[in-house]
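S.K.: Have a look at this one before I ask anything.
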Amino acid sequence: MAALAAEQLVAEAERSVRVERPVELELDLGSLTALDTNPLKAGGQREAEAWLRSLARDNTQLLVNAVWQLPSERLQEGVVASLPPPSTRIPREKPVPKPRAPTRWEQFAKLKGIRKKKKSGLVWDESRKEWRRRWGYQRANDETKEWVLEVPDSADPNEDQFAKRVAAKKERVAKNELNRLRNIARAQKHKVPGLGLAPTPQPSKAELGEAIRVARASTASVGKFQPRLPKEQEPRNAGQRRKFQPLIGDFSAERRRQLELLDVISSKKPRLDTTKAANRQLREDDQEQAAKRKKMRPKGRKGGNSHNRNNKGKGQHRKTGMKPHGKRK
Amino acid sequence: TNSPCCPPLVRVCTRLHVSPRAGDRYSSRSWRAGAGAVTEVTRVAKSLPAVVTMAAVPDVCKPKTKRAKRFLEKRDPKIIENTKNAMLIKGGNTSETVTQALRDIYSLKKPNAVLYKKKNITRPFEDQTSVEFFSKKSDCSLFMFGSHNKKRPHNLIIGRMFDYHVLDMVELGIEKFESLRDFKNSKSAEGSKPMLIFAGDAFEIDNDLKRVKNLFIDFFRGPTVPKIRLAGLEIVLHFTAFAGKIFMRSYKVLLKKSGCRIPRIELEEMGPSFNFILRRTHFASDDLYKKSLKQPKALKAKKKKNISQDVFGTTYGRIHMEKQDLSKLQTRKMKGLKKRKAGKNVIADESESSPKKMKV
């Protein structure tokens, strides 16, 4: 008896959470979404909210039933269910990241099989007898802090060795920056600017030509007033010939231009401003008449003005461009 | 957009100190070039094509502080992306309905949303540059633009971006709206992940509504979590497509005791309720949409080799063995049958042990 009653209770409980549907819901538990494709029957206007609510309740019950079937575990925050990864395909926010292109050194290292050696962060500073960082603030063996510099025998005694050290550092920094930018240009497939003229023992004709060109342009006015050598020829095709707008430039300007173009094409008014044209023609005629009158004045007033005018008034103009006839039904 | 630090290329180049010494590779050339005004690096900089502008090329401007670096890293394209943020914008003229609607949706989407207070006189359907600019500045890929005019009363444009350009936009007209304030009951906790339910076969059949459904999921979904607290399923947003309209209702979920493990659900309407009517749409072309759906290869589940499953679910493994010399195979030993050397002390090889029985 008791067992039967217990069974009945269990059955009743399960009935309370069960929802019957002809078509199963399409569930995406990863994003807690459900799609119910069952046809909806129209309820009356007054019962609309109640109908929506009952529909929502049934659908939510089905979704919750599915979530409760997932593997769960008990943590200190409560019972937690592990959700599967979402199955609805949602577009990404940004494009997939492209892997960084290797730099020139990285390519060489890969070729030779050179691997990076992991260096320790701290280095023993012998003079101060303590561990200091390898680089950065208060580093070990800091060369810039050297306040005594030896003047080498070959050097000029009046030369500023400290300034020389500073200059050398600046050179190194600029060289590093240049190489970094060249690596980026190479990675982006832009034109990598070459380093220019390298010192060679036997320069070729092209190299000599390049050297002459560089030397010529290295004046304050960039070679504009530099006289040509006796046998030197003028460069024929120097300078840009045409300049095009970049393909992907100012979007709003491009948009504006294209919309203006559309306006021009679709406007009913003809492009030719006929009143302006007519007026201009009239003015020209007047001028002609005036010129003729001046010529004819000593001969007396022979030709009148009015009947020599052309029939181009405001209303009578030739239609420019016939409209294409559409299909006539 | 200008990153926080951006030294122009020219400034970088003039750091190169011109020193007329024969040995040095960089300065000798500049000395040869004469005048000293045109140094090697500046000449190099001038020869770079004009298209290489600071903003266009990444990596040229490196951030000087760790904070700036973190800021830029957060906005970089990643394999696993951040949760999408939404920006809620008001148009040139907004009605009370629209402003209240925007505020309610902001409270639904907190903290992954920004609500802009000022009015912006733009029309997203005509000119998308304004929305794209906002998206780039605030790093939001979802937006909701509310406006009101005589032709389109109580208008709400929901949209999403891909790579800071508009991907999809849908214009919805609010026919009936009841805000959070109108329902006088307690609300669910802020920031809880909602359950989304779409009812009506129109969501499956009509292509436009399919995209609209995808857009709604994208907008309201919230962060993707691997685990969820079962008691934390507090809010459900229910969308019904019926008679050409979309009815959106938000309910608070009450988990009631039922006899079994699964609780019985009771719903209490708490949140904003909308009756939407679909107006204009601007969906991305198929190829752009496909491009935006592309996932990186790293996310694909790695297939384990040499493991296969048959129809019944039994898992089979494959083991590759070395070639065995069968004559030297270890089998069971019978000590008595062992050949012994005649006579002298024979020390049986105790170290040889019989091989263990192979467990199949």
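Since every read-out is calculated from the coordinates, none of them should be taken as a lab result. These numbers were taken from a predicted model, which means no experiment stands behind them. Glycine gets a Cβ as well: all are built from the backbone with ideal geometry, and neighbour counts include every protein chain shown.
S.K.: May I ask for the distance between the Cα centers of the stretch A:148-175 and the stretch B:180-197, given as a whole number of Å?
M.R.: Distance between centres, Cα-based: 71 Å.
S.K.: What lysines sit close enough to A:K41 to cross-link, taking a C-alpha to C-alpha distance under 18 Å and skipping anything fewer than 8 places away on the same chain?
M.R.: B:K245
S.K.: When a/c is below 1.5 the answer is rounded, else prolate if a/b is larger than b/c, else oblate, so apply that to chain A with a ≥ b ≥ c taken from the square roots of the Cα gyration tensor eigenvalues.
M.R.: Note, shape of chain A comes out oblate.
S.K.: Note down the relative contact order for the stretch A:104-189 as a percent, whole number, built from C-alpha pairs under 8 angstrom at least six residues apart.
M.R.: It comes to 14 percent, rounded to a whole number.
S.K.: Over 5 Å intervals from 0, what percent of Cα-Cα pairs in the stretch A:2-81 sits in each interval?
M.R.: 3, 12, 16, 17, 17, 15, 11, 6, 3, 1
S.K.: Tell me whether the stretch A:104-189 comes out rounded, prolate or oblate; compute the Cα gyration tensor, take square roots of the eigenvalues as a ≥ b ≥ c, and use a/c under 1.5 as the rounded threshold.
M.R.: The shape class here is oblate.
S.K.: List the lysines whose alpha-carbon lies under 22 Å from that of B:K328, not counting same-chain residues fewer than 8 positions away?
M.R.: B:K338, B:K339, B:K341, B:K356, B:K357, B:K359
S.K.: Find out how many positive minus negative residues lie around B:D286, taking Lys and Arg as positive, Asp and Glu as negative, among other residues whose Cβ is under 15 Å from that of B:D286.
M.R.: That works out to +3.
S.K.: How large is ³J(HN,Hα), in whole Hz, for each residue of the stretch B:90-105 in order, when computed from phi with the Karplus curve 6.51 cos²θ - 1.76 cosθ + 1.60 and θ = phi - 60°, using x for Gly and Pro?
M.R.: 9, x, x, 9, 10, 8, 4, 4, 5, 5, 5, 4, 4, 5, 5, 5
S.K.: With n ≥ 4 as the cut-off for DSSP H runs, can you work out [θ] at 222 nm for chain A, using -39500 (n - 2.57) per run divided by the number of residues, rounded to the nearest 500?
M.R.: Mean residue ellipticity, 222 nm, calculated: -13000 deg cm²/dmol.
S.K.: Any idea what the dipole of the stretch B:252-318 comes to, in debye rounded to 20, about its Cα centre with Lys/Arg Cβ at +1 and Asp/Glu Cβ at -1? Show your work: numbers first, answer last.
M.R.: On the way: 17 positive and 6 negative charges, 117 e Å.
Computed about the Cα centre, the dipole is about 560 debye.
S.K.: In debye, nearest 20, what is the charge dipole magnitude of the stretch A:104-189 about its Cα centre with +1 on Lys and Arg Cβ and -1 on Asp and Glu Cβ, if you could check?
M.R.: Result for the stretch A:104-189 is approximately 1220 debye, rounded to the nearest 20.
S.K.: Report, as an integer, the average count of C-beta atoms from other chains found within 10 Å of each Cβ along A:93-103.
M.R.: Rounded to a whole number, the mean comes out at 5.
S.K.: Here's a follow-up. Counting only other chains, and only Cβ atoms inside 10 Å, what mean value do you get across the residues of B:76-82?
M.R.: On the way: counts 2, 7, 5, 2, 0, 3, 2.
The shielding value for this peptide is 3.
S.K.: Pairs B:K176/B:K213; B:K109/B:K187; A:K98/B:K74; B:K117/B:K137; B:K137/B:K252; A:K129/B:K64: which are spaced more than 23 Å apart, C-alpha to C-alpha? Spell out each step's value before the answer.
M.R.: Numbers: B:K176/B:K213 20 Å; B:K109/B:K187 14 Å; A:K98/B:K74 16 Å; B:K117/B:K137 16 Å; B:K137/B:K252 35 Å; A:K129/B:K64 32 Å.
From B:K176/B:K213; B:K109/B:K187; A:K98/B:K74; B:K117/B:K137; B:K137/B:K252; A:K129/B:K64, over 23 Å: B:K137/B:K252; A:K129/B:K64.
S.K.: Over chain A, what relative contact order in percent results from Cα pairs under 8 Å that are six or more residues apart?
M.R.: Relative contact order of chain A: 7 percent.
S.K.: Which of the aspartates and glutamates could a cross-linker bridge to B:K62, judged by Cα under 14 Å and excluding same-chain residues fewer than eight apart?
M.R.: A:E177, B:E73, B:D76
S.K.: Which residue, A:T144, A:Q107, A:W124, has the largest displacement toward the positive end of the dipole of the stretch A:104-189 when charges sit on each Cβ (Lys, Arg +1; Asp, Glu -1)?
M.R.: Selected residue: A:Q107.
S.K.: Using alpha-carbon pairs under 8 Å, 6+ residues apart, how would you state the relative contact order of the stretch A:2-81 in percent?
M.R.: On the way: 45 pairs, mean separation 19.5, N = 80.
Result for the stretch A:2-81 is 24 percent.
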